[in-house]
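Colleague: Following this message is one structure expressed as structure tokens.
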Amino acid sequence: MGECRQKLMLGTNAVLEVIVNGEPARTRARTLAELLVELGYGDAKVATARNGDFVPLRKRDTVELTGGDTIEIVSPRQGG
């Protein structure tokens, strides 16, 4: 039964607990790109980092999330 339970926990519908901009969050997203869509950023122009490492736009769909990851999402500001 332990093996079956582990497979369920690791399945595609499993919920991950991550930190987004300093706040705990629960997600079903598997990649950084999916997380951005889930959080409502969609195609917004934002800078992203996972565990302190910058993630460029072109790599977001390949960066897989893991429980406990720290994600930073920063929107550009105008002004001076």
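Colleague: Enumerate by residue number the trypsin sites (Lys or Arg not before Pro) in region 34-80 meeting two conditions: DSSP loop (anything except H, G, I, E, B), and at most 12 other Cβ atoms within 10 Å of the site's Cβ. Could you put the intermediate results ahead of the total?
Modeller: Details: sites: K45, R50, R58, K59, R60, R77; in loops: K45, R60, R77.
Loop-located and lightly packed - K45, R77.
Colleague: So, with +1 on the Cβ of K and R and -1 on the Cβ of D and E, and no other charges, what is the size of the charge dipole of region 16-74 about its Cα centre, to the nearest 20 debye? Don't jump to the answer; show the numbers that get you there.
Modeller: Details: 8 positive and 10 negative charges, 32 e Å.
Using only the charged Cβ atoms, the result is roughly 160 debye.
Colleague: Subtracting the Cα-Cα distance from 0.36 nm times the residue separation, let me have the gained length for I73 to I19 in nm, one decimal.
Modeller: Values: separation 54, 0.36 × 54 = 19.44 nm, distance 1.08 nm.
Between I73 and I19, full extension yields an extra 18.4 nm.
Computed from the coordinates by the stated procedures, all read-outs in this text should not be read as laboratory data. Note that this is a predicted model, so its numbers are computed, not measured. FYI the Cβ positions are ideal-geometry reconstructions off the backbone, even for glycines, and counts take in every protein chain you see.
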